[in-house]
Amino acid sequence: MSNAASTPAPSHLVVASDFSACADDALRRADALAVALGARLSLMHVVEPLPVVSAWGDPGSVAWIGLEALQEAGLARLRQQRARLASLTHPDIALHCLVGQPRRDLGALAAELGGDLLVLGAHAPTGLGQRLLGTTAQAAVHASPLPLLVCRRPATAPWRRVLGASDFSPTAERALPWAAVLAPAAEKHLLHVHPSLPEATLALVQPDPAALERFTAEAEKGALERFAALSARYPDWVAHFRRGDVAETVEREAAERGADLVVLGTRGHGPWLGGLLGSVGQRLLAKLDADVLLVPQPA
């Protein structure tokens, strides 16, 4: 049995909406999850206040105007969105139009509502993979203190295959039980990618070939031992140990396994794409054609 029992199911899902088709998909997915989990469900839109400066240009006279009108308009759009999606089955979807900076405050505002999972819609990656998730979604990934579910695919059915990528960090292992909670019936794959030593560093240091071979062998042996121990804690996951570039290998494995949900642990707060999710994470988010669950370390 895996460690899923140690992770409580989320009790309040908060969907951030910009009224787009992607936000509709995120709401459909969150609706199905909330119903299955018996959780609360909120639909949130964040409006950014408009600064107005006096004709004299006095910076001390800056005021935020039209907040009530903006919030009323936002609530009206949220009501329209909820009514438009006839397939929603949650009996009580709460609506919130809040004031803040969408690029910065989505996770914090969702937490203030009592949410424990933020759900966000995103466009599928382009052929060039040049966009991460859009500027607002990218900022939410960097700033959210909550686990973040980025929905890329239409929520037509429960997830069938999950890929969990681990770099052996505590946050990576913390992320794995979330998959069992959110997708209990899915086929689950556990992946560790053992990276090659960076060629630029090797060229700079120019180590003794025999010493380098011993170091490489010992590092891989240690990784195999740690992965065996991790796999033993998750016997219902199919284990895969791979070698190579981390981002390319995760992307390839997700495609080959037909994963519709990829689960990753993250490190830190503020800009918290660290460890596995540094530049590697940004590359994955730019290219993966799957929903992605990002679980940060506890505050």
(request) Once you have the Cα-Cα distance between A94 and E48, take 0.36 nm times their residue separation minus that, and quote the gain in nm to one decimal. (result) 14.5 nm
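Which FRET efficiency value, to the nearest 0.05, is calculated for F19 and D236 with the Förster distance at 51 angstrom and r the Cβ-Cβ distance?
Approximately 0.85, to the nearest 0.05.
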(message) With a cap of 13 neighbouring Cβ atoms within 10 Å, and only residues DSSP puts in a loop, list the GluC sites (Glu not before Pro) found in region 218-267.
(response) none
(message) So if each residue of separation counts as 0.36 nm, and I subtract the Cα-Cα distance between A86 and E225, what length gain in nm does that give?
(response) 45.0 nm
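Based on the Cβ-Cβ distance from R104 to D208, what FRET efficiency comes out when R0 is 51 Å, to the nearest 0.05?
Numbers: r = 49 Å, r/R0 = 0.97.
The pair R104/D208 has a calculated efficiency of 0.55.
Efficiency by 1/(1 + (r/R0)^6): what FRET value for E218 and A185, r their Cβ-Cβ distance, R0 = 45 Å, to the nearest 0.05?
About 0.65, to the nearest 0.05.
Every number in this text was worked out from the coordinates using simple rules, so none of it is lab data. Here the structure is a predicted model, which is why all the values come from computation and not from measurement. So basically every Cβ, Gly included, is an ideal-geometry build from the backbone, and we count neighbours across all protein chains shown.
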